[in-house]
Amino acid sequence: MAASILVVEDEAPVARGIQFALQQEGYEVAVAHTGTEGLAVATSQAPDLIVLDVRLPEMDGLEVLRRLRAAGSKAPVLMLTARDDELDKVVGLELGADDYLTKPYSLRELLSRIKALLRRAYGDLADAVGGRLIRHRDLLIDLERRRVRRGDRNITLTPTEFEILRHLASRPGRVFSRRELLELLRDYEALDQDEKTINVHVSHLRDKIEDDPSQPEFVLTNRGVGYSFAER
């Protein structure tokens, strides 16, 4: 899936304009109109980036940002302020904002700032949009460039390991039998007909992407059936 962005903006026409512009660029976009709603969506959906207005009903953007950072969220945050208020900017940056824009601003400038923040946070994987980037927590899979990263660490996979990860991660929660994976991989690389071959490749894959391969968080075993990728 493409990079996901949450827009927290109480002015509905402004929010719709930002949403449309971002969707035209290939991003997945969620919108919230109050601080309380924005905090709830950010917590439950873990977007890749948050566009956050300072002046919001129910809970202002600075408080939303404070609570997100206190909860451990590391998603880049672009603050929007309605006036040239240095105090809002300074406080926002001290609370963990990554950048800010003062209204009125152009959509072109907003898009430019968002792309820069994504590249800063996720490297060149941020340029993969339109279904070519899969992200789950700090695991990033660039389907087009066939690159994988966890946090700041680049991960080198064999072609077979990458294909297994690609098939599983493209349909999180869907259980693939070992036989199905063999069939999917056969056209890509000649593999032994024994389904146990898949077990070996999955084991190597887990060694590379999991913190504890014996307790996997990404590539899960469904006993007696096969493997699945954790649902987001």
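The values are calculated or read from the model by the stated rules, or taken from the named source; none is laboratory data. Being a predicted model, the structure only gives us computed values, none of them experimental. Using ideal geometry, Cβ is built from the backbone for each residue, glycine included, and neighbour counts are taken over all protein chains shown.
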Can you confirm whether the stretch 51-62 contains a residue that is surrounded by 14 or more Cβ atoms within 10 Å (Cβ to Cβ) and under 22 Å from ARG137 (Cα atoms)?
yes
Just to be sure, is ALA71 exposed (fewer than 15 other Cβ atoms within 10 Å of the Cβ), closer than 25 Å to HIS136 by Cβ and over 15 Å from the mean Cα position of the chain (by Cα)?
yes
Residues in the stretch 20-34 that are surrounded by 22 or more Cβ atoms within 10 Å (Cβ to Cβ) and modelled with pLDDT of 95 or more: how many?
1
Taking the residues in the stretch 131-148 that are without any contact (Cβ under 8 Å) to a residue 60 or more places away in the chain and either over 21 Å from ARG171 (Cβ atoms) or of a type in the set (A, V, I, L, M) (or both) as candidates, determine which candidate is surrounded by the most Cβ atoms within 10 Å (Cβ to Cβ).
ILE141
Taking only pairs six or more apart or across chains, which ones have beta-carbon atoms under 9 Å, a first residue in the stretch 85-107 that is touching a residue at least 24 places away in the same chain (Cβ under 8 Å) and in the same structural domain as GLU63 (by TED's automatic domain parsing), and a second residue that is among the aromatic types (Phe, Trp, Tyr) and not in a helix (DSSP H, G or I)?
ASP88/TYR100; GLY92/TYR100
Testing TYR27 on (1) under 27 Å from VAL90 (Cβ atoms); (2) touching a residue at least 40 places away in the same chain (Cβ under 8 Å); (3) within 13 Å of the chain's Cα centre (by Cα), one condition comes back false. Which one is that?
(1)
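Let's see how each residue does on (1) in contact with an Asp or Glu (Cβ under 8 Å, 6 or more places away or on another chain); (2) assigned to a loop (DSSP other than H, G, I, E, B); (3) modelled with pLDDT of 90 or more:
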position: ALA15; (1), (2), (3): yes, no, yes
position: ILE18; (1), (2), (3): yes, no, yes
position: THR36; (1), (2), (3): yes, no, yes
position: MET59; (1), (2), (3): no, yes, yes
position: ARG66; (1), (2), (3): no, no, yes
position: ARG83; (1), (2), (3): no, yes, no
position: VAL91; (1), (2), (3): no, no, no
Check the stretch 106-116 and report whether any residue there is over 17 Å from the mean Cα position of the chain (by Cα), within 29 Å of THR81 (Cα to Cα), modelled with pLDDT of 85 or more and assigned to a loop (DSSP other than H, G, I, E, B).
yes
Residue tally, condition in contact (Cβ under 8 Å) with a residue 24 or more places away in the chain and not β-branched (Val, Ile, Thr), over the stretch 196-216
4
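Which residue, of ARG174, ARG206, ARG179, is part of a loop (DSSP other than H, G, I, E, B) and either in contact with a strand residue (DSSP E or B) (Cβ under 9 Å, 6 or more places away or on another chain) or modelled with pLDDT of 95 or more (or both)? Show your work before the answer.
Values: ARG206 fails: part of a loop (DSSP other than H, G, I, E, B); ARG179 fails: part of a loop (DSSP other than H, G, I, E, B).
Selected residue: ARG174, the only one of ARG174, ARG206, ARG179 that is part of a loop (DSSP other than H, G, I, E, B) and either in contact with a strand residue (DSSP E or B) (Cβ under 9 Å, 6 or more places away or on another chain) or modelled with pLDDT of 95 or more (or both).
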